[in-house]
Amino acid sequence: MFLFLPFAAYVQSFTSIPGPLGSVHCLLAEENGFVLAGTHTKGVFVYDPVLHNWKGVGGNTIKTSRVNALIRDAMGVLTAGTEQGGIKQWDGIAWSDINSGLPGGCSLIAPVRALLSTPNDGLLAGLHSQWPCISAGGVYRFDGMQWTPLNHGLSTLDLLVLTTETFSQTVLCGTNGGGIWRLNDTTWTAWNDGLDDLSIYSITNTPDGRVFVGTGSGLYTREPGALEWTYTGIGLPSAPVLAIAIDPSNPQKMIVGTGYPSDQPGDLRGQLFISSDQGNTWTEVASSLQTTAIRQIAYTSPDTLHVATWGFLQSTDQGSTWTQNNTGYSGRAFSTSGCLAVLDSPSVSLFYGTDEGVFRTTDNGLTWQFASQGLDRSQVTLLESDREGNLFCGTMRYLGYPSGGYGDGRLMRSTDQGLTWSPVQISTDWRYLDMDEAPNGDLYCAHGFGAQAPSATIIGSSLAVSHDHGLTWTDLPVMSGMAFCTTTTPAGDLFVAGESAGTWRSTDQGATWTLLPIANQNSNLTVLETSDQGDLILSGGATRGLFFSSAQENGVPWNTYDNPLFPDYNAISDALFDQSGNVWCTTRGQNGTPALFFLPAPLQANTAFQPVTGIFGPLFHMAWDACGYLYIYSPGSVLKSDDPLRDPVEPCLPTAFTPPTSTEHSLTLYPNPASDMVWIKVHSPAGTGWVRLTN
């Protein structure tokens, strides 16, 4: 198949750097020692205990990414509950839907968070609401053709867990904020006496009928016939207990995993704890573990355990020691916020923002480290570095329905290459979305409505300034609604845009502001950048337009880029200038359409919009390193240009440059095809210098 491109193509090669592994949500241990796993971004995998590797089950036929629950139904058919695609069944060749009767909205099925197969009640599913389209979940029962609600008496319809009691086989459900419930025929009854926390994340039974419940703040147990729950978490942190497993050969021995889900603020790091006295006391194991929340634990033998977390962990000595077990697992983490940052000193470090925190690589993706210590919200909305080597991260969490989706933002700062994070002093807001560094070193942060809760009324500032490298911030008197983007020109003029009907500009360091309208645009301007020469580019709006303004115009007016060949691939994701004023643009183009484009300077209404051959989307945020290499956030990976595409910023130690060992003199060439320029690095006993050759 040939792809016809009605533009002059631009040739530039990129190398794909694999991103950090994706998280795993659920495990299903089989009697033959195999383990099935539902993942965050890549469907279902199966672990072969003989070959010691993971392999995908059904590939793209599952037609969704996140799998929350796995069971086998009464006939032994593998059944998966997914986040957006409903319920799937595997026939040995492909996945198929069984969604008739399930609630949904916006062309999506309500998130399926739990599945249960019982001899009396058949196949049950626990569903959850999802902002903005699905207001309620609930319990549903499958009759072989249709799902019907089973919610009589149930006051909370956000389900997280389904299981049965050991002896009575009574169905139990755990809800998000409504506690635990028992099913009597077709009616649910609350079973919460003694519980101090009504968010139920895990339920497990012992062979003698004792029930353990993991809540949002610890572990509780209930003896057979007891009237209430008793706290049994001595030695555990006051954190959600997401996973509980009991040793099949010794019920006195238990292991639990902790971590905060995306709708709760708290430490993003997962922890494992072991008890040898049936949960009375607990001791942490693998305390040096740096991973995300522990979502599920499964025994395949009395000695062997598997853990669903950031990838997979395995123990073969009853949980005393743990190792990563990811051979064959290809799921990768990402977020549609698409946040990427680069630090150059002492070597190039890439920081990759996901919906489960920040990850760092210092070896071009060969290994990734969990770099989220101190972060307490999982969804990354901003990643930026400044010239002082500080790193900034904006985060938020899921607020649920009907609280407005995502918000409760935090702006965090790291001064140690992302090893630790601490909050900065800035006004509390819904989200923190963009940051720019002025020529004088001041930092500007674009944020939300000027209030913690979302509101249709603009009630506060949407831009803050820091004069001390991001430690403290002061709001500026501009109210653009939610501010998506900001930039500062070489002359020091400030621009901010977002939900307003244009861009706001200040020519007096933020003291006063003027709204500069844009024809036919009234909201959601998302990309705003300035060149070294002071030219401006802007994208977004109701018609997904592209606009530009020269340094002399300075936003008055904004000119419309009206090339008829301008592609509409869900708008521009990001735009960056090189030192010559050329523009690189990413888009969310999919299904074989180009996603990276080059616009040569100077920008005009009919400037050629040149697709870079062989680069497909979706693509998101971009960043330069000091040597002029371009990095692009892609789902599950980072694209890095094979050549520098802008002038280096000294000092620069290119990854391609190796200090000479056998010769006293060396030359290293760095061609920049975007500007017809070559930089030459000269090394001699007298020192190192740069020579620039131009056309």
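The values are calculated or read from the model by the stated rules, or taken from the named source; none is laboratory data. Predicted model, so just to flag it, every value in this text is computed and none were measured. Every residue, glycine as well, gets a Cβ built from its backbone with ideal geometry; the counts of neighbours run over all protein chains shown. Heads up: the accessible areas ignore ligands, DNA and RNA and are worked out on the full protein's heavy atoms, side chains in. Shrake-Rupley method; radii C 1.70, N 1.55, O 1.52, S 1.80 Å.
Among the residues of the range 506-533, the ones that are open to solvent by 50 Å² or more (accessible area, probe 1.4 Å) and of a type outside the set (A, V, I, L, M) come to 12 in all.
Is it the case that some residue within the range 95-113 is among the basic types (K, R), within 22 Å of H40 (Cα to Cα) and open to solvent by less than 20 Å² (accessible area, probe 1.4 Å)? Within the range 95-113, not a single residue is among the basic types (K, R), within 22 Å of H40 (Cα to Cα) and open to solvent by less than 20 Å² (accessible area, probe 1.4 Å).
Scanning the range 47-94 for residues that are open to solvent by 50 Å² or more (accessible area, probe 1.4 Å), aliphatic (A, V, I, L, M) and in contact (Cβ under 8 Å) with a residue 40 or more places away in the chain yields a single hit, A74.
Against the list (1) modelled with pLDDT of 95 or more; (2) among the hydrophobic types (A, V, I, L, M, F, W, C); (3) assigned to a loop (DSSP other than H, G, I, E, B), the condition L268 fails is (1). Residues in the range 662-680: is at least one in a loop (DSSP other than H, G, I, E, B), among the β-branched types (V, I, T), over 30 Å from S330 (Cα atoms) and modelled with pLDDT under 85? Looking through the range 662-680, at least one residue is in a loop (DSSP other than H, G, I, E, B), among the β-branched types (V, I, T), over 30 Å from S330 (Cα atoms) and modelled with pLDDT under 85. Residues that are of a type in the set (A, V, I, L, M, F, W, C), in a strand (DSSP E or B) and either modelled with pLDDT of 95 or more or open to solvent by less than 40 Å² (accessible area, probe 1.4 Å) (or both) do occur in the range 456-464, at least one of them.
In the set (1) without any contact (Cβ under 8 Å) to a residue 12 or more places away in the chain; (2) open to solvent by 50 Å² or more (accessible area, probe 1.4 Å), T362 fails one condition alone, (1). Checked against the criterion of being aliphatic (A, V, I, L, M) and within 30 Å of Y406 (Cα to Cα), the candidates L124, L183 yield just one match: L124. Condition first: of a type in the set (G, A, S) and farther than 28 Å from Q271 by Cβ. Can you find one or more residues in the range 193-208 that meet it? No, that holds for no residue. For the range 492-504, the count of residues that are assigned to a loop (DSSP other than H, G, I, E, B) and touching a residue at least 60 places away in the same chain (Cβ under 8 Å) is at least one. Per the listing A623, A595, A571, the residue uniquely under 24 Å from the mean Cα position of the chain (by Cα) and either among the aromatic types (F, W, Y) or at pLDDT 95 or above (or both) is A623. Within the range 291-306, if we keep just the residues that are of a type outside the set (S, T, N, Q) and either farther than 17 Å from E356 by Cα or out of contact with any Leu (no Cβ under 9 Å at 6 or more places or on another chain) (or both), the residue that is surrounded by the fewest Cβ atoms within 10 Å (Cβ to Cβ) turns out to be P302.
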